[in-house]
Amino acid sequence: MKCQALISLLTVALLGAATWRYQQILHRREEARRILVRSLDAGQRVSLAGDQRVEIPGAPVTQARLVQSADGKTSIMYLSGPCSGMRIWDNGRLNWRWDPKRQVVEISACRRRAGGEETQGALLQKNFTARLVGRETVAGCPAYVLELRPKEVGQPWKRLWVSEQNYAVLATADFGADGRLIQSTHFEQVSFAPPEATQPATFEPPIELVERYGTAHPGDSVSGFTARELVDIVGFPVRLPTYLPSGYEFQAGYPFPCKCQNQAARLHFTNGVNTILLFECGHNCPAGQHCVIPKGSNSLVVQLRENGLTLAATGDAPREQLDRMLRSAAQSKPVASPKKPGSPPERSEAPDRIAAGR
Amino acid sequence: VNELLPDYSVELLDRRTRAVVVEHLETCSGCRGELAAMEHAMRLVREHAGLNPPPGLWNGVANRLAAGEGAEPPLSPLRWLWRGPWRGLVMGGATVAAAAWALFFTLGPPPNLPPPESSADPKVMAIERQRALASAESPFGDRAAWEIQLARSARGERSTAP
């Protein structure tokens, strides 16, 4: 009788402990989700300035001075490392990239201006589990340490250090599916609401620099289209892959100038954190000679030529998955046929318009 | 401007274009270096253009070419290599190559060979550029790091993107 009572007592105690632990895990998960949502929202609207340290394995350490306004304008000045002297200005409408080594100011439209931030935020929460793994201090600021782990194994993941004070991201580290560090950035010193973050001049380059060295890059278009709309723009039947790595969704399609003097298609897929880009050229251009698709294989860009299509894919997915994605695209049904077959449109003049500031 | 430098160095440009080049040279050390090299070459031409060849040299060369006299029968590449001072070099080279071949197969390949590198193909760079652009401005995108990748692909350097 005594023994039975003891066993019952032990069972109840164990059940109680398990329930308490379960509640604790639920609470931490809920707290992590709350921090993530706040960071995606309020954290992106924190004005700050500080010195960042960027580490990429196999490359020299880089230090950069970053200024960010409350509405997302950004200025980066590289102070050391291989990109020393490089400047980035982002006024929310245009990006300017000054590379003193090449003596070029590259001008492109802001990508986030094209929208899709909300969709990406929702995808992020759908495909990733936020875990609160601790609390640390970054640049003198107490920060939550969050891990964004993919719900589907075998995908890259992220660790974020989020300010406890205002939910700004103070450090990030990107890891591959195998846990290998890909790149990391953290503030060595940071100040919030600095005066320079309110001055428009901080986020735009000197006009003389743009006039002398400004140039736009073909193919940097930010006007996204559906796959159906893209068919008429590029002048060949675009195909979407029937296989996508888990969690990925089609974001938008863009025209992309191909060396064969026609427009190719650049299709973007995202899972909220990571990106995959698929390039298609259906103008029967000889692969590797005139087409944007590269000749020769390497670990970064996977390519395929099938059914009159020249395809290439790159992004945050294992090579096998990119390969499978390409094959499924080559064998899938075209989303539509162009209205005027055989008369592809002229090359986009958008880069020239951007360069001219129009 | 780079393409205008040869004409600039021999003063063939019109006044307006010349002013553009002069202005560019004030700020571009690369072009200044290129111009200095061109001027050095032109100086050499000027210095040595004054030397006169011995009388009858040109006629002698032209006559021999026309007659085909004194021309030796062409040798096979192997025979050419085996002649005079080349013999020692060929023997030495063959010995070194044999030793390297033997060492390679005895020791085997070095452990943990690095993965294949990204080529500096401009088309690959164009693709990598688009990826960096897309990642730099995504939510929680590590902007400062992706901008470095972007600059590397623009410069035609090896990307460290995964």
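Every read-out reported here was derived from the displayed coordinates using simple, explicitly stated rules and does not represent laboratory data. In this text, all values refer to a predicted model and were calculated from it rather than measured experimentally. Here Cβ is always computed from backbone atoms with ideal geometry, including for glycine, and neighbour counts include all displayed protein chains.
Tabulated data
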read-out	value
Top of A:Val12, A:Val210, A:Val162 by mean-square fluctuation, Gaussian network on chain A, Cα under 10 Å	A:Val12
Choice from A:Glu208, A:Glu106, A:Glu280 showing the highest fluctuation, given a GNM over chain A with Cα pairs closer than 10 Å	A:Glu208
Neighbour-limited loop hits for trypsin sites (Lys or Arg not before Pro), region A:117-178 (at most 12 other Cβ within 10 Å; DSSP other than H, G, I, E, B)	A:Lys151
For region A:152-157, Karplus couplings with θ = phi - 60° (6.51, -1.76, 1.60), whole Hz, Gly/Pro x	9, 5, x, 10, x, 9
Restricting region A:231-276 to chymotrypsin sites (Phe, Trp or Tyr not before Pro) in coil, as DSSP defines it, with at most 15 other Cβ within 10 Å	A:Tyr243
Fluctuation leader among A:His217, A:His186, A:His268 - chain A, Gaussian network, Cα springs under 10 angstrom	A:His217
